[in-house]
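Peer 1: Next up is a structure, given as structure tokens.
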Amino acid sequence: MINQPHPAEISNAVAAWGNWYHQIEVAPGVVTPGTHDSQAMLERIGLPANLADRRTLDLGTRDGFFAFECERRGASVIAVDYLPAERTGFSIAADLLHSKVQYHCANVYNLTPQAFGEFDLVLMLGLLYHLPDPLGALAVVRTLCRGKLILETHVADAELGTERPLMAFCQGDSLNGDWTNYWAPNTLAVEAMLREVGFTIESTRVDADRAIIHAAPIFGTVQAYYHRVARGAANPRW
Ligand SMILES: C[S@@+](CC[C@H](N)C(=O)[O-])C[C@H]1O[C@@H](n2cnc3c(N)ncnc32)[C@H](O)[C@@H]1O
């Protein structure tokens with residue numbers, strides 16, 4: 001049996017971190033004061049209700065809201081972020097939730113199926129536009145995904161149109177005042193990049209400047225050939 005901390009201890013633990021991003025219910029009625037409307041996004045992304053025994057990878061997990069939700073739905077979860085867990089709210093939330101989610105401080109480009117295995121579900125939420133090399137990162141994700149990818153991202157359909165796959169480079173902090181934002185793709189470009197690395201698109205939902213894409217890996221020989229070529233020659237990281 002798990003000893004529940006006193007409500008004041010829970011509040012103190014939550015208050016000890018001053019930079020919450022996610023709004024996580026860490027105890028009945030106690031929600032971390034994040035700036036992100038995590039529950040609203042959860043309702044939009046179409047996360048399967050039952051994830052029993054599904055190996056799940058949450059890329060760019062930050063405070064871990066989506067990793068903990070997958071665990072709650074039965075998944076065994078690995079959460080990855082290039083920030084150390086103590087530089088986010090993850091450790092505090094994981095302690096309060098008695099979570100078994102494994103946190104790895106790693107850059108998405110350095111993940112391999114040899115080190116982490118393959119996953120039935122990969123979440124890539126709010127991450128794509130933070131990546132200097134989005135196509136390279138998606139190729140890495142493809143090597144890790146054996147089931148389903150749920151990708152959520154900023155899209156610039158209003159600026160770039162919906163006719164051709166395009167991405168705008170966001171110099172400095174020009175996208176939302178954030179120096180870690182690099183690219184603003186349109187939805188067509190995100191879909192095209194996913195196909196390029198060997199996914200098929202199952203569904204796409206666009207709400208204003210955000211898109212949610214469900215994709216599944218294709219196991220064709222043509223893709224396998226091109227991935228081998230790309231991994232071996234064009235880009236050694238792949
Ligand atoms: C906007 S937050 C998204 C958090 C969460 N996935 C969500 O959608 O609510 C982006 C997260 O990705 C992480 N991140 C950015 N680039 C990364 C990279 N190359 N490898 C791993 N994590 C990265 C950041 O540290 C941050 O925690």
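Peer 1: For residues in the stretch 174-185 being open to solvent by less than 60 Å² (accessible area, probe 1.4 Å) and of a type outside the set (A, V, I, L, M, F, W, C), which is nearest to E202 (Cα to Cα)?
Peer 2: So, considering only residues that are open to solvent by less than 60 Å² (accessible area, probe 1.4 Å) and of a type outside the set (A, V, I, L, M, F, W, C), the one nearest to E202 (Cα to Cα) is P185.
Per-residue answers, yes or no, for (1) of a type in the set (D, E, K, R); (2) under 26 Å from T204 (Cβ atoms); (3) within 12 Å of the ligand (Cβ to nearest atom); (4) modelled with pLDDT of 95 or more:
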{"residue": "N19", "(1), (2), (3), (4)": "no, no, yes, yes"}
{"residue": "G34", "(1), (2), (3), (4)": "no, no, yes, yes"}
{"residue": "L51", "(1), (2), (3), (4)": "no, yes, no, yes"}
{"residue": "E69", "(1), (2), (3), (4)": "yes, yes, yes, yes"}
{"residue": "R73", "(1), (2), (3), (4)": "yes, yes, no, yes"}
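Peer 1: Which condition number does F119 fail, the rest of (1) more than 12 Å from the ligand (Cβ to nearest atom); (2) over 19 Å from A216 (Cβ atoms) being met?
Peer 2: Condition not satisfied by F119: (2).
Peer 1: Another question, if that's okay. Could you tell me which numbered condition F169 fails, if it satisfies all but one of (1) within 22 Å of R44 (Cβ to Cβ); (2) away from the ligand (no atom under 15 Å from the Cβ)?
Peer 2: (1)
Peer 1: So, one more: Could you list, in sequence order, the residues of the stretch 88-110 that are in a loop (DSSP other than H, G, I, E, B), away from the ligand (no atom under 12 Å from the Cβ) and surrounded by 13 or more Cβ atoms within 10 Å (Cβ to Cβ)?
Peer 2: Within the stretch 88-110, S99, V101 meet the criteria.
Peer 1: With the condition kept exactly as written, say whether any residue in the stretch 105-121 is farther than 24 Å from L194 by Cβ and at pLDDT 95 or above.
Peer 2: Yes, some residue in the stretch 105-121 is farther than 24 Å from L194 by Cβ and at pLDDT 95 or above.
Peer 1: Let me ask something else about it. Quick one: A15 ticks every box in (1) over 18 Å from K148 (Cα atoms); (2) among the small types (G, A, S); (3) open to solvent by 20 Å² or more (accessible area, probe 1.4 Å); (4) within 16 Å of the ligand (Cβ to nearest atom) except a single one, so which number is it?
Peer 2: Only one criterion in (1) over 18 Å from K148 (Cα atoms); (2) among the small types (G, A, S); (3) open to solvent by 20 Å² or more (accessible area, probe 1.4 Å); (4) within 16 Å of the ligand (Cβ to nearest atom) is unmet by A15, namely (4).
Peer 1: Moving to a separate point now. Does R195 meet the test of being basic (K, R) and crowded, with 17+ Cβ neighbours inside 10 Å?
Peer 2: no
Peer 1: So D63 fits all but one of (1) outside any loop (DSSP other than H, G, I, E, B); (2) touching a residue at least 40 places away in the same chain (Cβ under 8 Å); (3) in contact with a Phe, Trp or Tyr (Cβ under 8 Å, 6 or more places away or on another chain); (4) open to solvent by less than 10 Å² (accessible area, probe 1.4 Å); what number is the exception?
Peer 2: Condition not satisfied by D63: (1).
Peer 1: Another question about this same structure. Scanning the stretch 135-161 for residues that are under 13 Å from the mean Cα position of the chain (by Cα) and under 13 Å from L175 (Cβ atoms), which turns out most open to solvent (accessible area, probe 1.4 Å)?
Peer 2: Per the criteria, the residue is H154.
Peer 1: Would the stretch 123-136 turn up any residue that is in contact with a strand residue (DSSP E or B) (Cβ under 7 Å, 6 or more places away or on another chain) and more than 14 Å from the ligand (Cβ to nearest atom)?
Peer 2: Scanning the stretch 123-136, I find no residue that is in contact with a strand residue (DSSP E or B) (Cβ under 7 Å, 6 or more places away or on another chain) and more than 14 Å from the ligand (Cβ to nearest atom), so the answer is no.
Peer 1: Being free of Cβ contacts under 8 Å to residues at least 12 places away in the same chain and not hydroxyl-bearing (S, T, Y): is that true of A115 here?
Peer 2: Answer is yes for this residue.
Peer 1: Scan the strands (runs of 3 or more DSSP E) fully inside the stretch 125-193 and keep the ones with 3 or more residues being small (G, A, S) and in contact (Cβ under 8 Å) with a residue 24 or more places away in the chain.
Peer 2: In the stretch 125-193, there are no strands (runs of 3 or more DSSP E) which contain 3 or more residues that are small (G, A, S) and in contact (Cβ under 8 Å) with a residue 24 or more places away in the chain.
Peer 1: Pairs under 6 Å by beta carbon, first residue closer than 23 Å to I10 by Cβ in the stretch 74-92, partner among the charged types (D, E, K, R), six or more apart or different chains?
Peer 2: Cβ pairs passing all conditions: V77/E71; A79/D58; T88/R62; T88/D63; G89/D63; F90/D63.
Peer 1: Also, quick follow-up: Name, by its number, the condition in (1) among the hydroxyl-bearing types (S, T, Y); (2) surrounded by 12 or more Cβ atoms within 10 Å (Cβ to Cβ); (3) more than 18 Å from D81 (Cα to Cα) that does not hold for T35.
Peer 2: (2)
The values are calculated or read from the model by the stated rules, or taken from the named source; none is laboratory data. Just so it is clear, the structure is predicted and the values come from calculations on it, not from any experiment. Please note: Cβ atoms are built from the backbone with ideal geometry, for glycine as well, and neighbour counts cover all protein chains shown. Please note that ligands, DNA and RNA were not included when accessible areas were found on the heavy atoms of the full protein model with its side chains. Shrake-Rupley method; radii C 1.70, N 1.55, O 1.52, S 1.80 Å.
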